[in-house]
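Working notes, beginning with the structure itself.
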Amino acid sequence: MSCTRTDNRKPANGHLPNRRIAVGFTFFLIISLASFTGSAAQAEAASPYGAKAVEIAASKRGAPYVYGATGPKEFDCSGLTLYAFEKAGRKLPRTADEQYERTRHIPRVQRVPGDLVFFPAGATIGHVGIYAGHDKIWHAPRPGTRVRLERIWSGNVRYTRAI
């Protein structure tokens, strides 16, 4: 089906048909909304290093969890984030607590792939992963498991962005 109108005649009353007005208005509305939200959406897009950190963490899928390990073949949770961000060009401190304290805290609505997801445990941080989008993180869960992509299982999480 073609979108080109072959009948270029105007109606006798000089008015455009209702369908053309509706299509024109819809197009105008889409363009207006895109220009209104475009800069905000671009500002919240994943940074190049954040996207790279996700890619690096994903490449470590299946690597075993080993307490204190920072890669390249074994990881604990903060060791995986440290390794992925270092390979992506950003330095992070060693522990989950230090990573939380030295990154920019952001609200959930601003999270993008490549942000860090922290799971509090009392007064400290108990776990960290890398946000992959769609409510999922790449992480090294615990002893006896392997690096994997998993849905965020708790509403009690905090988000930060490496700067």
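The values are calculated or read from the model by the stated rules, or taken from the named source; none is laboratory data. Nothing here was measured: the structure is a model prediction, and the numbers come from that model. Note that each Cβ is placed from the backbone with ideal geometry, even for glycine, and that neighbours are counted across all protein chains shown. Side chains are part of the model used for accessible areas, which takes the heavy atoms of the whole protein and leaves out ligands, DNA and RNA. Shrake-Rupley method; radii C 1.70, N 1.55, O 1.52, S 1.80 Å.
Highest mean first, how do 103-114, 122-133 rank when packing is the count of other Cβ atoms within 10 Å averaged over residues?
Answer by packing, highest mean first, reads 122-133, 103-114.
Taking the Cβ-Cβ separation of Val109 and Arg142 as r and a Förster radius of 45 Å, what is the calculated FRET efficiency to the nearest 0.05?
FRET efficiency, Val109 to Arg142: 0.95.
Please give me, ordered by residue number, the trypsin sites (Lys or Arg not before Pro) of the stretch 112-163 that lie in loop per DSSP and have at most 16 other Cβ atoms within 10 Å. List each step's numbers first, then the result.
Working: sites: Lys136, Arg146, Arg148, Arg151, Arg158, Arg161; in loops: none.
For trypsin sites (Lys or Arg not before Pro) across the stretch 112-163 that sit outside H, G, I, E and B with at most 16 neighbouring Cβ atoms in 10 Å, the list is empty.
When ligands, DNA and RNA are left out and all protein chains stay put, how many square angstrom of accessible area per residue does the stretch 107-163 have with a 1.4 Å probe?
On a per-residue basis, 49 Å².
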